[in-house]
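Colleague: Okay, handing you the structure first.
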Amino acid sequence: MEITFTKEQTICLTGHRPKSLPWGYDESKESCVRFKEEVKKVFVGAIEYGITTFLIGMAEGFDMIGAEILLELRKKHNVKVIAVVPCAMQEIKWKPEQQKRYKKILKKCDDVITLYDHYTPTCMNDRNKYMVDHSSICIACWNGKPSGTGNTVRFAKQNGNRIRIINPENFR
């Protein structure tokens, strides 16, 4: 069943992969714990503001962190968590534990939108543009450096979306 949602009540998430996060893959580090607490506060504020739907690109790093926080918040709040996957099997080259985490998150999402049957050179950017085009707010875990996340923030600005940046470097 396809979930319907309105752009005005939807947020998209974009953010860095583990290599660009101060804690890398070690989310037990105190810096990551504090970061997650801040992200949760931002999400709760958005929900209290009237946001009902969150679009997540399901990449490693911030996307999966954000998805897990939202799935936990969904137990108390009436929100939809929708995965927007750039291509089938995007996780195929990830570490086995990350693949397992990814699949577990996907099963819990309210809907999964897969844009392409296979990898294409533009599928990641197409995913980001899709999320921006279908939301009114973009929450970005971004350190300000040129990156795919930076490109998505630029798309969001061009699209007129409001943007909330959480700089992971502030949690070192």
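Every number here is computed from the coordinates shown, using simple stated rules; none is lab data. Every value quoted in this text rests on a predicted model; they were computed, and no experiment measured them. So basically every Cβ, Gly included, is an ideal-geometry build from the backbone, and we count neighbours across all protein chains shown.
Colleague: Step through the residues of the stretch 22-35 one at a time and calculate ³J(HN,Hα) from phi using the Karplus curve (6.51 cos²θ - 1.76 cosθ + 1.60, θ = phi - 60°), rounding each to whole Hz and writing x for Gly and Pro.
Modeller: Here the 3J(HN,Hα) series is x, 9, x, 8, 8, 6, 7, 4, 4, 4, 6, 4, 5, 4 Hz.
Colleague: Mean residue ellipticity at 222 nm from the helices of the chain, using -39,500 (n - 2.57) per DSSP H segment of n ≥ 4 over the full residue count, to the nearest 500 deg cm²/dmol?
Modeller: So the helix-based figure for the chain works out to -12500 deg cm²/dmol.
Colleague: Still on this model: LYS7 versus THR122, label points 7 Å from Cα toward the beta carbon: distance in nm?
Modeller: 2.0
Colleague: Another question, then. Say R0 is 22 Å: what FRET efficiency, to the nearest 0.05, do LEU106 and ASP26 get from their beta-carbon distance?
Modeller: Efficiency computed from Cβ-Cβ geometry: 0.40.
Colleague: Evaluate the relative contact order of the stretch 46-122 (contact order divided by residue number), counting alpha-carbon pairs under 8 angstrom at least 6 apart; express in whole percent.
Modeller: 34
Colleague: Give me the one-decimal nm value for the distance between modelled label points at LYS93 and LYS41, 7 Å along each residue's Cα-to-Cβ direction.
Modeller: Label-label distance for LYS93 and LYS41, simple model: 3.8 nm.
Colleague: Going through the stretch 46-123, which trypsin sites (Lys or Arg not before Pro) have at most 12 other Cβ atoms within 10 Å and a DSSP loop state?
Modeller: For trypsin sites (Lys or Arg not before Pro) across the stretch 46-123 that sit outside H, G, I, E and B with at most 12 neighbouring Cβ atoms in 10 Å, the list reads LYS75, LYS76, LYS93.
Colleague: Near LYS103, within a Cβ-to-Cβ distance under 12 Å, what is the net charge of the other residues, with Lys and Arg +1 and Asp and Glu -1?
Modeller: Neighbour charge sum, excluding LYS103 itself: +3.
Colleague: Then there's this: By a straight-distance test (C-alpha under 16 Å), which lysines pair with LYS29 as possible cross-link partners, with residues fewer than eight away in the same chain excluded?
Modeller: The reachable lysines, counting only those whose Cα sits under 16 Å from LYS29, are LYS19.
Colleague: Which entries in the list LYS93/LYS157; LYS40/LYS80; LYS103/LYS157; LYS7/LYS157; LYS36/LYS76 go over 21 Å, if you measure between the two C-alpha atoms of each?
Modeller: LYS93/LYS157; LYS103/LYS157
Colleague: Right, something else. Report the relative contact order of the chain, percent, no decimals, based on alpha-carbon pairs under 8 angstrom and at least 6 residues apart.
Modeller: 29
Colleague: Apply the Karplus curve 6.51 cos²θ - 1.76 cosθ + 1.60, θ = phi - 60°, to the phi angles in the stretch 42-58 and return the couplings in whole Hz, x for Gly and Pro.
Modeller: Result, rounded to whole Hz: 4, 5, 4, x, 5, 5, 5, 6, x, 6, 10, 9, 10, 9, 10, x, 6.
Colleague: Using 0.36 nm per residue, how much length does the chain from GLN158 to LYS76 gain when fully extended, once their Cα-Cα distance is taken away?
Modeller: Difference between extended and current length: 26.1 nm.
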